[in-house]
Amino acid sequence: MDKEAQGILYMVATPIGNLEDITLRALRVLREVDWIAAEDTRRSKILLSAHGIKTPLISLHEHNEKERSGEILSKLRNGKSVAYVSDAGTPCVSDPGQHLVRAVRDHGIRVVPVPGACALPAALSVCGFHAEPFLFCGFLPSRSNRRRRFLESVRREECSIVFYESPARIRETLEDALDILGDRQVVAARELTKVFEEIREGKISDLLSRWPASGFKGEFTVMIQGAAREAEILSEEEIKERLLKIRSEQGISLRDAIAQLASQTRMPRKKIYDAAIRIC
């Protein structure tokens, strides 16, 4: 089939709360496409109605995605353009859409991202601590034993750990994190961009002590600082070898090599300097 005759699938980000958080481009695309596939047509109608958009809707969610992807693929092959929107935020980021994208791309049809709102970068922008690099985990396992195993697997990660959590499980998840990761700095953002937006920070134990046992509404985006990198313990001979390698590869002074090795290993600079004086 002539690619010029095929339609285009647009993956369109929509507001995570405040209906004003949508791009001009997204509004134009939603008006111009032939169909809008939506995770929840009832929720999408609220957004479309607020912006006077009357494009017809078709439902596509996690329970019918494989079946409905075939229907959308047929429309695209017949020259119709389709926009996909999830309930809120960016499709495929802890939302459906992956199967649809894969099916469409496998048939050589163009898929175009229309970026916009997403809880992940929104939360990172207000966390207030150095969060790069970060490990995004989506929603953690709902069962405690699987969740604890997962937290154990990332316990030594030095990057910040970011995940989504439901209000029903937030306390239990933070209790597991405190037990397994230790009492780290955490920022928990709830109801981002909505009327009752709340952003709390502190040690994990602080948040648990200040929060009620239950009664939360709205999903959370949680950011936990990564593990502190443990210092390497090098013998004097290993210090000598590492310093010689750094200087030969980079052609820098002994002083600069000592500073670099201290940064790499987190050993005290004075300890490396004292060893260097004896062996270099």
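The values are calculated or read from the model by the stated rules, or taken from the named source; none is laboratory data. Quick caveat: nothing in here was measured; it's all calculated off a predicted structure. All Cβ positions, glycine included, derive from the backbone under ideal geometry; neighbour counts span all protein chains shown. The accessibility values were calculated without ligands, DNA or RNA, using every heavy atom of the protein model including side chains. Shrake-Rupley method; radii C 1.70, N 1.55, O 1.52, S 1.80 Å.
Brief remarks on what is shown
- Lysines with Cα under 24 Å of Lys245, excluding same-chain neighbours fewer than 8 positions away: Lys270, Lys271
- Label point distance in nm, Arg269-Ala227, each placed 7 Å from Cα along Cα→Cβ: 2.7
- Cys159/Lys54 FRET efficiency (R0 30 Å; Cβ-Cβ; nearest 0.05): 0.10
- In the chain, helices alone account for a calculated mean residue ellipticity at 222 nm of -12000 deg cm²/dmol, with every DSSP H run of four or more residues adding -39,500 (n - 2.57).
- Choice from Glu232, Glu158, Glu172 with maximal GNM fluctuation in the chain (Cα, 10 Å cutoff): Glu232
- Highest mobility in the GNM of the chain, judged by mean-square fluctuation with C-alpha springs under 10 Å and restricted to Val186, Val111, Val85, is found for Val111.
- The range 42-177 - accessible surface per residue (Å², probe 1.4 Å): 52
- Of (i) 17.4, 50; (ii) 25.1, 79; (iii) 18.7, 55, the label for Rg and Dmax of the Cα atoms in Å derived from the coordinates: (ii)
- Protein accessible area in the range 1-107, 1.4 Å probe - carbon and sulfur %: 46
- Measuring nothing but protein heavy atoms, the accessible surface of the range 112-243 at 1.4 Å probe radius is 49 percent carbon and sulfur.
- Think of the chain as having a plus end and a minus end, set by charges on the Cβ of Lys, Arg, Asp and Glu; of Thr14, Thr173, Ala275, Thr14 sits farthest toward the positive end of this dipole.
- If R0 equals 30 Å, the separation of the Cβ atoms of Glu32 and Ser142 corresponds to a calculated FRET efficiency of about 0.15.
- Note on Glu198 and Ser166: their simple-model spin labels are 1.9 nm apart, each label 7 Å out from Cα toward Cβ.
- The length gained by stretching the chain between Leu244 and Ala5 to full extension, at 0.36 nm per residue less their Cα-Cα distance, is 79.7 nm.
- Taking every protein chain into account, the accessible area of the range 208-280 amounts to 64 square angstrom per residue (probe 1.4 Å).
- Pairs of Lys in the range 1-130 closer than 16 Å at Cα, counting only those 8 or more apart or on different chains: 4
- Here the dipole of the range 54-127 is about 400 debye; that uses its Cα centre as origin and unit charges on the Cβ of Lys and Arg (positive) and Asp and Glu (negative).
- Pairwise label distance in nanometres, Leu24 with Ala259, each label 7 Å out on the Cα-Cβ vector: 4.7
- The distance separating the Cα centre of the range 227-280 from that of the range 28-49 comes to 59 Å.
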